[in-house]
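Novice: Below: one structure in structure tokens.
The values are calculated or read from the model by the stated rules, or taken from the named source; none is laboratory data. Model, not experiment: these values are computed from the prediction. No Cβ is skipped: glycine too gets one built from the backbone with ideal geometry, and neighbour counts run over all protein chains shown. When the accessible area is computed, the model is the full protein with side chains, heavy atoms only, and any ligands, DNA or RNA have been set aside. Shrake-Rupley method; radii C 1.70, N 1.55, O 1.52, S 1.80 Å.
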Amino acid sequence: MISKAASNTVALVSWATVAVLVFDGFLSGILSVFFLPTYLGSVQFPISALLGGIANVALILAARKVAERSIWVASPLIGWFVAVVLCMLGGPGNDVLLLADWRTMLLIIAGAGPAGVLLFMFRMKAITASVHADPHPEAHPRSSSASTVR
């Protein structure tokens with residue numbers, strides 16, 4: 001049996017871990033935006049969109065290890081999205097980091113898409129597990145001889 005102090009410590013560590021993962025998601029979003037206009041020679045090579053998507057999937061998987069509720073599992077992706085949206089807004093001199101460009105759309109799709117699909121799969125698995133689980137099998141026993149139509 002675990003004591004109340006030990007369970008409070010575990011909860012505090014879980015909350016702190018989720019907070020660090022949200023901050024990591026935010027930093028991943030900032031770095032994805034900063035490295036989006038990279039070039040490989042004279043060709044545009046937005047590899048940070050792909051790397052941002054991989055980082056988001058890794059952050060979601062890490063958050064799932066310590067959090068139970070789906071909003072806390074999705075919180076690193078929310079941090080990433082907040083960072084990308086903040087980079088879309090104009091700064092003090094009306095300068096923006098993300099322009100209306102195909103690379104911005106690629107960043108949003110490749111960065112949030114795989115993590116969103118992963119969150120969707122986690123949620124569908126939880127819903128189907130709760131539907132298939134019968135918490136009280138003895139509450140309504142049915143046998144073929146006992147079923148009558150009234």
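Novice: Highest GNM mean-square fluctuation, the chain, Cα pairs closer than 10 Å: which of Leu40, Leu50, Leu119?
Specialist: Among Leu40, Leu50, Leu119, the largest GNM mean-square fluctuation belongs to Leu40.
Novice: Could you work out the relative contact order of the chain, using alpha carbon pairs under 8 angstrom and six or more residues apart, expressed as a whole percent? Let's see the in-between values first.
Specialist: On the way: 150 pairs, mean separation 39.9, N = 150.
Value for the chain: 27 percent.
Novice: Quick one: accessible surface of Ser48, probe radius 1.4 Å, all protein chains present, in square angstrom to the nearest 10.
Specialist: So the heavy atoms of Ser48 present about 10 Å² to solvent.
Novice: Of the candidates Ile127, Ile54, Ile71, which one comes out as most mobile in a Gaussian network treatment of the chain with C-alpha springs shorter than 10 Å?
Specialist: Maximum fluctuation in the GNM of the chain, among the listed residues, is at Ile127.
Novice: Show me the trypsin sites (Lys or Arg not before Pro) within the stretch 57-111 that DSSP assigns to loop and that have at most 12 other Cβ atoms within 10 Å of their Cβ. Write down the numbers at each step before the final one.
Specialist: Working: sites: Arg64, Lys65, Arg69, Arg103; in loops: Arg69.
Sparse-neighbourhood loop trypsin sites (Lys or Arg not before Pro): Arg69.
Novice: Take the solvent-accessible surface of the protein heavy atoms, probe 1.4 Å, and return the percent of it on the stretch 17-81 that carbon and sulfur atoms account for. Provide the component values of the computation, followed by the final result.
Specialist: On the way: 2730 of 3620 Å².
Carbon plus sulfur share of accessible area: 75 percent.
Novice: With a 10 Å cut-off between alpha carbons and a GNM built on the chain, which of Ala19, Ala129, Ala110 moves the most?
Specialist: Ala129
Novice: Enter the Cα centre distance for the pair the stretch 90-114 and the stretch 16-75, rounded to the nearest angstrom.
Specialist: First find each Cα centre; the distance between them is then 14 Å.
Novice: Going by a ≥ b ≥ c, the root eigenvalues of the Cα gyration tensor, does the stretch 44-85 fall in the rounded group (a/c under 1.5), the prolate group (a/b larger than b/c) or the oblate group?
Specialist: Oblate is the answer for the stretch 44-85, as a/c is 1.5 or above yet b/c matches or exceeds a/b.
Novice: Arrange the peptides 89-100, 74-85 so that the one whose residues have, on average, the most other Cβ atoms within 10 Å appears first.
Specialist: Working: 89-100: 9.8, 74-85: 20.9.
Order by mean packing, descending: 74-85, 89-100.
Novice: Then there is this: Give, rounded to the nearest 20 debye, the magnitude of the charge dipole that the chain has about its Cα centre when Lys and Arg contribute +1 at Cβ and Asp and Glu contribute -1 at Cβ.
Specialist: Working: 9 positive and 6 negative charges, 103 e Å.
Around 500 debye, computed over the chain.
Novice: Kindly report the accessible area of the stretch 5-94 per residue (heavy atoms of protein chains, probe 1.4 Å, no ligands, DNA or RNA), in Å². All intermediate terms of the calculation are to be shown ahead of the outcome.
Specialist: Values: 5330 Å² over 90 residues.
Averaged over the residues of the stretch 5-94, the accessible area is 59 Å².
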